[in-house]
Amino acid sequence: MTGDLHSDRLDVAERNRRAERARELVTPLADAGVVGIATPWVDNSRITRVKAVPLAQLEHAAAWGIGASPVFDAFLTDDSIVSFPASKPSVTLSPAPMI
């Protein structure tokens, strides 16, 4: 597959492109005192979530994503849990674009 942001798989060339771009950013970010990258998103209940990536792991995260559990889609704004008709939600997460 190609590097389509909506696909669940990225081809090698796209992963390499993302890793290279991250590699280019690490030194300037470190020189500016940055130690990590925050990756916020808003879940289906309109709750802002965030994962942090240490700067030393930026290249890997850019190429392979940071991962997010589909369990976030099962919690409502009052922290109650949705009961799905099937044993698991029909959610497919793709690698979050870092750069």
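Each reported figure results from applying straightforward, stated rules to the coordinates on display, with no laboratory input. Because the structure is a prediction, the values reported are computed rather than measured. Note: ideal-geometry Cβ built from the backbone for every residue, glycine included; neighbour counts use all protein chains shown.
Does segment 1-82 come out rounded, prolate or oblate by the C-alpha gyration tensor, with a ≥ b ≥ c the root eigenvalues, rounded set by a/c under 1.5 and, if not, prolate when a/b is larger than b/c and oblate if not? In terms of gyration-tensor shape, oblate. Sorting 23-32, 56-65, 74-83 by their mean Cβ neighbour count within 10 Å, with the most densely packed peptide first, gives 56-65, 23-32, 74-83. Taking amide hydrogens as placed 1.01 Å from N in the peptide plane, the amide H of Gly36 sits under 5 Å from those of Leu55, each at least 5 positions away in sequence or on another chain. Fully extending the segment from Arg17 to Asp79, taken as 0.36 nm per residue of separation minus the present Cα-Cα distance, adds 18.5 nm.
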